[in-house]
Amino acid sequence: MKFAVVGSGTMGHGIAEVLAIYGHQVKLIDISWDILNRAKQRMEESLRKFYEKGTVKEDPSVILSRIEMSTSYDVAKDIDFAIEAVPEILDLKRKVFQSLDEIAPREAILATNTSSIPISEIAEFTSRKDKVIGMHFFNPPQIMKLVEVIPSKYTSEDTANKTVELARSLGKVPVKLRIEVPGFIGNRIFLRLMQEACREVESGEASIEEVDSCARNKIGLPMGIFELSDYVGLDIDVDLWENIVKRGTSDVPCKLFKEKVARKELGVKSGKGFYEYPGNKYLKVKLPATSKVDPARLLSLAVNEAAWLVENNIVKPSEVDDVMKYGYNFPKGLLEIADELGIDNILRNLEDIYNKGYSAYKPQDLLVKMVKEGKVGKKSGEGFYKYA
Ligand code: 3HC
């Protein structure tokens, strides 16, 4: 198949690389040759790592030869599928989608990797609303297996099915939402993790390092919550936080993230965020081996969010778990972990924090019902899952 990838930054260059690894022809479009050349260098470095490990068999130069770079949309005239990955600015998305709509063949699907702008708003920039869809990759897209597929109210079933099939053919695990919700699945849960992490630090319950040590050493996550926030980029975190809250999700007061962004401490990409990254390169953060933070408390708001998603029939528990396992490299699904920690423990923490005046922690009916019925997780034989 022939693809256009518009935007060659962190996500765009990675998506183009994945498509080329799987044998597709890719037109990589961006606004300047400086940016494109930097993307080429990043793809080369990444492909070299895969080649040396044997995870890709073809020589990197052969894979790269399938990627044509351009500063003009004209190269998109014969594509089958486009994926947009430009910054989250509505006017920019408008320009990209209007250009693609004008140049790409009528039957081409136009996907967006947006993490925060409603897909239906983007679809409205085009004359093919049924062929516009969300295809949300996770950072780094070369490694993370998850792709959230988000149909808007206009997207046809055929477009959704083709996008799911494409994701699968790229070795990814697609999770399709029944209906679009702000932040989709992964970022809604990631937001809840950041909010609780921030609340614990700002209320003096724990330090940043203690929160992250709990996440990594007690829960087994690949990164601490603040470490992951640095990795994603604190400007991106604040952006997705504000976009989700603006569209009706309850907020938790937190100054830490915005203060960092105001000081231009953006995480890995600027060399400093909650931690320091010499040379603007990610290096695993050093954390204390032990922590007083309770995993059930740190995950409580995230589990409450997952319960909301399940209650509202947006995804099933197993799909929430796929999102966290394949999009964030959780060692187990969030709801599997919740079952192990005990739904009663999760609920007790939510009630405790809610009673301190944090309205976002109001326990979801589903969790209250589960505890009332004695379905408190692994120890009772049933929680989100059944145990023999
Ligand atoms: N290309 C090729 N290989 C790469 C790579 C890339 N771009 N990035 C990392 N690797 C390889 C490394 O070379 C290394 O290989 P090795 O094990 O053979 O040496 C391996 O991946 C692991 O990398 P590191 O040793 O540098 O570091 P870690 O062991 O900590 O792994 C990680 C890095 C895979 C990123 C891991 O920390 C992780 O899974 N973190 C969680 C990431 C996450 O949650 N992403 C989602 C963010 S949210 C999002 O994207 C949504 C958006 O909308 C905000």
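Values in this text are rule-based calculations from the coordinates and carry no lab data. Only a predicted model underlies this, so the values are computations on that prediction, with no experimental measurement involved. Positions of Cβ are generated from backbone atoms using ideal geometry, with glycine treated the same way; all protein chains shown enter the neighbour counts.
Observations, loosely collected:
Okay, residues lined up against (1) among the charged types (D, E, K, R); (2) surrounded by 17 or more Cβ atoms within 10 Å (Cβ to Cβ); (3) away from the ligand (no atom under 16 Å from the Cβ):
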{"position": "Arg247", "(1), (2), (3)": "yes, no, no"}
{"position": "Gly271", "(1), (2), (3)": "no, no, yes"}
{"position": "Gly279", "(1), (2), (3)": "no, no, no"}
{"position": "Tyr282", "(1), (2), (3)": "no, no, no"}
{"position": "Ala289", "(1), (2), (3)": "no, no, yes"}
{"position": "Ala302", "(1), (2), (3)": "no, yes, no"}
{"position": "Glu319", "(1), (2), (3)": "yes, yes, yes"}
{"position": "Gly327", "(1), (2), (3)": "no, yes, no"}
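- The residues in segment 141-191 that are assigned to a strand (DSSP E or B) and of a type in the set (Lys, Arg) can be counted, and the count is 1.
- Taken over segment 105-121, residues that are over 19 Å from the mean Cα position of the chain (by Cα) and buried (at least 24 other Cβ atoms within 10 Å of the Cβ) amount to 2.
- Listed by position, the helices (runs of 4 or more DSSP H) enclosed by segment 23-120 that each have at least 1 residues that are touching a His at 6+ places or on another chain (Cβ under 7 Å) and farther than 19 Å from Ile150 by Cβ are 33-53.
- Met11 passes every criterion in (1) more than 16 Å from the ligand (Cβ to nearest atom); (2) under 21 Å from the mean Cα position of the chain (by Cα); (3) hydrophobic (A, V, I, L, M, F, W, C) apart from (1).
- Only a single criterion out of (1) at negative phi; (2) more than 15 Å from the chain's Cα centre (by Cα); (3) not aromatic (Phe, Trp, Tyr) is not satisfied by Ile150, namely (2).
- Within segment 247-264, the set of residues being charged (D, E, K, R) and in a loop (DSSP other than H, G, I, E, B) comprises Arg247, Asp251, Lys255, Arg263, Lys264.
- Failed item, numbered, when Ile236 is tested on (1) away from the ligand (no atom under 13 Å from the Cβ); (2) over 24 Å from Asp352 (Cα atoms); (3) within 21 Å of the chain's Cα centre (by Cα): (1)
- Hey, Val261 farther than 25 Å from Met135 by Cβ and surrounded by fewer than 22 Cβ atoms within 10 Å (Cβ to Cβ) or not: yes
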